[in-house]
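**Student:** Got a structure for you, written out below as structure tokens; questions coming shortly.
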Amino acid sequence: MTAAAVIRAERVYPHPPGAIWKALTDPELHARWWAAGDVRPIVGHRFELDMGKWGKQACQVLNVEPERLFRYRFATGNLDTIITWELVPEGQGTRLRLTHEGFDLDSPLSRQAFEGMKGGWPKVLQRLEAAAVGPD
Amino acid sequence: MMAGMPDVDVFSALANPVRREILMRLRTGPQGASELAHGFDIGRPAVSEHLQVLRKARLIREQPRGRERYYHLDPRPLSKVHAWIEAFDKYWQKRLAVLEEVLNEEAKKS
């Protein structure tokens, strides 16, 4: 049941760890797949991610191991969670593991975020369909 | 008490580690109150309070047996939590898929 408060996701990409690391830590690239914000791979660095209708979320970098691990507090004072990205080379590509943890199930904001995400799916799906005509 | 909405919502009930542990223990079958209180260092009255919260959230059912009360797990309200987790799962799966599109675009540039 403790696992209830941890979300995990992973995906294997045909791209090298360096390319993924850049997408995780470069503001311009980061904005294209997730959210705009001054993300930087520097321990202690504070930044905000613009989550659209959920507002700007305060973040702070906790751990940096270039091309291996990137960990930060996400939505401090709101969702109060921690996001960890782990990169593991796999063949010619990279396995990317996400751990999103620290959810307080009792917080109304957690539930609000959940409701918000549910509403956001159709839009994300549309974007995916539009992108699917691209390579791959 | 038997009809209508639960008095305690399932998220609040699960927010406490002792209550989560109680539910974990009840997975293997019903247990008596004294057996359940065993192994927690918070004292029996505190354990009883947690049991009442779980009961009000409809996560456990109480059954008197002689002088003991027995507790049964009822996992049905957990489907709400499952839906919540699934929403986050799907959210991240989508983000990871979009990330691949961006990586492909970047790879084409170089």
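Each reported figure results from applying straightforward, stated rules to the coordinates on display, with no laboratory input. Bear in mind the structure is a predicted one, so any value in this text is a computation, not a measurement. For neighbour counting, all protein chains shown are included, and Cβ atoms are generated from backbone atoms with ideal geometry for every residue, glycine included.
**Student:** Ratio of alpha-carbon Rg to the 2.2 N^0.38 Å globular estimate for the stretch A:2-104, to two decimals, please.
**Tutor:** 1.05
**Student:** Over chain B, calculate the relative contact order: mean separation of alpha carbon pairs under 8 Å at least 6 apart, over the residue count, as a percent.
**Tutor:** 27 percent.
**Student:** Quick one: what are the phi-derived ³J(HN,Hα) couplings along the stretch B:45-60, Karplus 6.51/-1.76/1.60 with θ = phi - 60°, whole Hz, x for glycine and proline?
**Tutor:** x, 5, 4, 4, 4, 4, 4, 5, 4, 5, 5, 5, 7, 6, 8, 9
**Student:** Using only alpha carbon positions, build the gyration tensor of the stretch B:1-75, then give the equivalent ellipsoid semi-axes as the square roots of 5 times its eigenvalues, largest first, whole angstrom.
**Tutor:** Whole-Å semi-axes of the equivalent ellipsoid: 18, 15, 11.
**Student:** Would you mind getting me the FRET efficiency between residue B:35 and residue A:56? Use the beta-carbon distance for r and R0 = 41 Å, nearest 0.05.
**Tutor:** 0.25
**Student:** Now a separate question. Helix-only mean residue ellipticity at 222 nm, chain B, DSSP H runs n ≥ 4 weighted -39,500 (n - 2.57), per residue, nearest 500. What is it?
**Tutor:** Mean residue ellipticity, 222 nm, calculated: -18500 deg cm²/dmol.
**Student:** Here's another thing I want to ask about it. Just checking the output field for A:9-20: average partner chain Cβ neighbours within 10 Å of each residue's Cβ?
**Tutor:** Average neighbour count from other chains, rounded to a whole number: 4.
**Student:** Across the stretch A:39-47, in residue order, what do the Karplus-derived ³J(HN,Hα) couplings come to in whole Hz, using 6.51 cos²θ - 1.76 cosθ + 1.60 with θ = phi - 60° and x for Gly and Pro?
**Tutor:** 3J(HN,Hα) across the stretch A:39-47, in whole Hz: 5, 8, x, 10, 4, x, 4, 9, 8.
**Student:** List every residue whose amide H lies under 5 Å from the amide H of residue A:40, counting only residues 5 or more places away in sequence or on a different chain, with H placed 1.01 Å from N in the peptide plane.
**Tutor:** Excluding prolines and chain starts, which carry no amide H, there are no hits.
**Student:** Spin-label point model (7 Å from Cα, Cβ direction): what's the residue B:21 to residue A:63 distance in nm?
**Tutor:** Distance between label points: 2.6 nm.
**Student:** Separate question: Just counting partner chain Cβ atoms within 10 Å, what average do the residues of peptide A:57-67 show around their Cβ?
**Tutor:** Per-residue shielding by partner chains comes out at 0.
**Student:** How many Cβ atoms of partner chains, on average, are near each residue of A:44-53 if near means within 10 Å of its Cβ?
**Tutor:** 0
**Student:** Per residue of the stretch B:12-17, what does 6.51 cos²θ - 1.76 cosθ + 1.60 with θ = phi - 60° give for ³J(HN,Hα)? Whole Hz please, x for Gly and Pro, Karplus curve as stated.
**Tutor:** For the stretch B:12-17, the Karplus-derived couplings read 5, 4, 7, 5, 9, x Hz, x marking Gly and Pro.
**Student:** Between residue B:93 and residue A:31, what FRET efficiency comes out of the Förster formula 1/(1 + (r/R0)^6) with R0 = 22 Å and r the beta carbon distance, rounded to 0.05?
**Tutor:** The computed FRET efficiency comes out at 0.65.
**Student:** Could you pull out every residue, at least 5 positions away or on a different chain, whose amide H is within less than 5 Å of the one on residue A:94? Hs are placed 1.01 Å off N in the peptide plane, and Pro or chain starts have none.
**Tutor:** Those qualifying (amide H under 5 Å, at least 5 residues apart or on another chain) are A:13, A:15.
**Student:** Additional query: More than 20 Å apart: what percent of Cα pairs in the stretch A:6-66 qualify?
**Tutor:** 32 percent
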